[in-house]
Amino acid sequence: MNYELLNPKDVFEFFGEINKIPRPSKHEEKMIAYLTEFGNSRGLETIVDETGNVLIRKGATPGMENKPVLTIQSHMDMVCDKLVDREIDFMNDPITTYIADENGKADPSGEWLTADGTTLGADDGIGCAMELALLDSDTIEHGPIECLFTRDEETGLTGANNLKAGMLRGDYLLNLDSEDEGLFYVSCAGGKTTTSTFYYSKVEPDKTNRWFFVEMSVKGLTGGHSGDDINKKRANSIKLLTRFLYMEQKKMPLLLADFNAGKLHNAIPRDGKAVVAVPFDEKENLRADWNVYCASVEEEFHVTEPTIVWNMESTEPRKVIPAELSNRIIHALQAVHAGVFSVVQDTVLGDITETSSNLASVQTSEDSCVIVCSQRSSVMSNLTNMVNTVRSVFELAGADKIIHNDGYPAWKMRPNSHIRDVAQKCYRSLFNKDPKIIGIHAGLECGLFAERYPNLDMLSMGPTMRGVHSPDEKLNIPTVGKVWDLVKEILKEI
């Protein structure tokens, strides 16, 4: 991919460099080294803290020394997901990209940048690229700036969570980690992740029946971000498989041998497989029910999931999870909430989700079944309620261990915000229309920054992306130029 052909050229050239650097969450060492060398080679003050966050400071252009300090921030890690049949080593291989039309089909005249069967890394590589282009430029007017690159945003907000108070000097912070050009985000959801584990020793199936083993699978779902896309009626592969298992175990003896679906706590699962055993004389009934079920689900999701791929085939016999526990696990997966729980009541922020939960992954092994669910809410009391709702399902199902991560706080909208007012003014001046002020049902690092810097005035924005956290991720090229122009205008006006 020749990034020099894209505009703005300086931003996309840095994005191309970034996508050569492996940077999975929690494995950003090569990116940290690149950023450190970048800052030092240009004589800029470059700080790497104990966590691995990188802060690069640049002095004001002549005549702008008295302007307030502006902090610009992006995260350096990326979600690493791929199509089932795509071979890639995310720890070593670069991301391969191409220009596409809006449907993802290769088209040199298209307006979208996407990747070859993997996540693109525009979340938040394009924000990092804008920061690097700004630091590299000798012509952009600005007051004193500091560019912060945080690590491990996607799996734990680790960088922001461990950022020491006093490290930042900015009066204002511009976060470049949003995914809709023309939308200014001024609040975000808080979140927690719940992990429930069932322990067992697998056993041979009961000899009173002759058992038939079958593997059922679903793939080709849209998936997406478990916060920003949770309200878009996208199918969850775990729920699709569970719904069928739950109905069938009411009709016939059914033993669960394996269930593996989903990879990431912050992505709606796109594919999954389950291996079950049923009595041999029930195999044709099972297949007939499967065919009817698949057709009904395709109709249910005919708008949002046009490319569902179903499969059912016989497989070799194996040990199974004990029948009583198998039944409890299926009941828990059927009962646990997955999707929108409530919507915001404050219409100032628009019609967005307030509280949700995502059934993110289920992984069985020889001795355990681990189920991960992520809860989000912009109202912390309802986040607690959602966490407890999920926990109670697994308590009733008899899970051996249930743990919650520390989570992250919501970011509340400031009634008065200077950076918001300036950004609105600049947007009107550049594009002759108003931006939309909104909250986002996803975690932004702004919530953690607000804890350590309560007076920091913040705004989040970014170019338009679709399919984030999935192999369908794509970046709208023209909006990158619009956001880049807006950032430069804000630098002059803040």
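The values are calculated or read from the model by the stated rules, or taken from the named source; none is laboratory data. As the structure is a prediction and not an experimental result, all values here were calculated from the model. No Cβ is skipped: glycine too gets one built from the backbone with ideal geometry, and neighbour counts run over all protein chains shown. Ligands, DNA and RNA are stripped out before the accessible areas are found, and what is left, the full protein with its side chains, is counted by its heavy atoms. Shrake-Rupley method; radii C 1.70, N 1.55, O 1.52, S 1.80 Å.
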So which residues in the stretch 389-443 are open to solvent by 70 Å² or more (accessible area, probe 1.4 Å), part of a helix (DSSP H, G or I) and either in contact with a Gly (Cβ under 9 Å, 6 or more places away or on another chain) or under 26 Å from Ala160 (Cα atoms) (or both)? His418, Asp421
Residue within the stretch 334-347 that is modelled with pLDDT of 95 or more, open to solvent by 60 Å² or more (accessible area, probe 1.4 Å) and aliphatic (A, V, I, L, M) present: yes
Might you check whether a residue that is touching a Gly at 6+ places or on another chain (Cβ under 9 Å) and under 30 Å from Val218 (Cα atoms) occurs anywhere in the stretch 58-78? yes
From the options Ser381, Ser374, residue that is hydroxyl-bearing (Ser, Thr, Tyr), modelled with pLDDT under 95 and closer than 30 Å to Asn162 by Cβ: Ser381
Quick check: is even one residue across the stretch 452-463 open to solvent by 10 Å² or more (accessible area, probe 1.4 Å), assigned to a helix (DSSP H, G or I) and farther than 19 Å from His142 by Cα? yes
Selection from the stretch 284-311 of residues among the β-branched types (Val, Ile, Thr), in a loop (DSSP other than H, G, I, E, B) and open to solvent by less than 60 Å² (accessible area, probe 1.4 Å) yields Thr304, Ile308
In the stretch 227-257, anything of a type in the set (A, V, I, L, M) and assigned to a helix (DSSP H, G or I) is listed as Ile238, Leu240, Leu241, Leu245, Met247
Condition test on Glu37, is it open to solvent by 30 Å² or more (accessible area, probe 1.4 Å), within 28 Å of Thr155 (Cβ to Cβ) and either over 25 Å from the mean Cα position of the chain (by Cα) or not polar (S, T, N, Q) (or both)? yes
